[in-house]
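Trainee: Dropping the structure in here first, questions after.
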Amino acid sequence: MSSRLKVVAISLLIIVGGALLWGVGIEPRLVDETRFRAPIPRLPQEWQGEKVAFIADMQLGMFLANAGTVRRIVDRLLEERPAVVLLGGDFLYHPTEDDSKTEAREEFESEDAAEVRAQIKEAVDIFRPLADAGIQTYAVLGNHDYAMQKRKALELPWVAEELARSLEEAGIPVLRNESVALKGPQGESARTGIPLYLVGIGAHYPDQDRIEKAFAGLPESAPRIVVMHNPESFAGIPPGDAPLAMAGHTHGGQIRIPFLPSWSWLAIVENGDVHTDGWIDHYGRPGNRLYVNRGIGFSTIPIRINCPPEVTFFTMTIDSQGDLGTEK
């Protein structure tokens, strides 16, 4: 090998090694706090200026899982004390290992079941302090919470049921195609008119997202925010029913080429037909807006490049005060 080729080979090894070191050991620990002003039609006066925080995709249980970062984010939320914290699903990672099996894998090997239950306990223990601190905290489930990694994989409903039950026992309700009236920012019921509602939509991959059911009990003129795991659920929401909606699932693409954020690992896997993060323009029906959060954990490989974990804060405003925008 010529000296020039050796230099090129060594340089490539240094670049690749540096990228791996950064993507595995450094960037996943750098949390990006994004903040937006979000107008809500008919927002009750007591909610004016109050914050909603959103995180998703913790993926606890994966090799080199980013559990330490999840804990730091929870500590940050306890410090910031938003009026509401929303957890966007994929608390767990454990996917079914053999999608070719015809049975539903209800008969997990004992060590596998114990591992999943340990992951559930870890997730609940991490988020329990939010409820203990009196912060309204709600969750929806994601595909990994059914042990599904792929769109048509066999799911394990018992995993989702145990996770949901454990979260609710810790004071964190899990919304599955239903709406709830939020307490006021100080913990009281709405003082004037109709309260602010939260609509939670079920997981998309296991075919648990029922849009009509989710909005069925919601007064037509009620102000609302909407949370789901998968952005694909958003497309079926009727016009004007989701002025502020949020989702996760994409991990922001997880590995993105610098200065070309649309060039991501996820875009390659999905043949380019994906919007990885941020506000999605020209998607869904008129009057609806969706924000996609980059999440915290990993899928498939424990690496993030040009795609740090994210916690999103939305400061709600009365709709007459302007368009969605970055908070100053």
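Trainee: Could you pull out every residue, at least 5 positions away or on a different chain, whose amide H is within less than 5 Å of the one on ILE257? Hs are placed 1.01 Å off N in the peptide plane, and Pro or chain starts have none.
Mentor: The answer is TRP263.
Trainee: For GLU79 paired with ARG285, estimate the spin-label separation in nm (one decimal), with each label point 7 Å from Cα along the Cα-to-Cβ line.
Mentor: 4.2 nm
Trainee: Quick one: which residues, 5 or more positions from LEU92 or on another chain, have an amide H under 5 Å from its amide H? H modelled 1.01 Å from N in the peptide plane, none for Pro or chain starts.
Mentor: Placed amide hydrogens put GLN59, LEU60, ASP145 under 5 Å from LEU92.
Trainee: Got a sec to turn the phi values of region 306-314 into Karplus ³J(HN,Hα) couplings, 6.51 cos²θ - 1.76 cosθ + 1.60 with θ = phi - 60°, whole Hz, x for Gly and Pro?
Mentor: 6, 7, x, x, 9, 10, 10, 10, 10
Trainee: Okay, moving on. Hey, can you rank 125-137, 197-209 by average C-beta count inside 10 Å, highest first?
Mentor: 197-209, 125-137
Trainee: Something else about it: Cα centroid distance between region 47-68 and region 113-146, in Å?
Mentor: 11 Å
None of the figures in this text is laboratory data; all of them are computed from the coordinates on show. Here the structure is a predicted model, which is why all the values come from computation and not from measurement. All Cβ positions, even for glycine, are placed from backbone atoms using ideal geometry, and neighbour counts span all protein chains on display.
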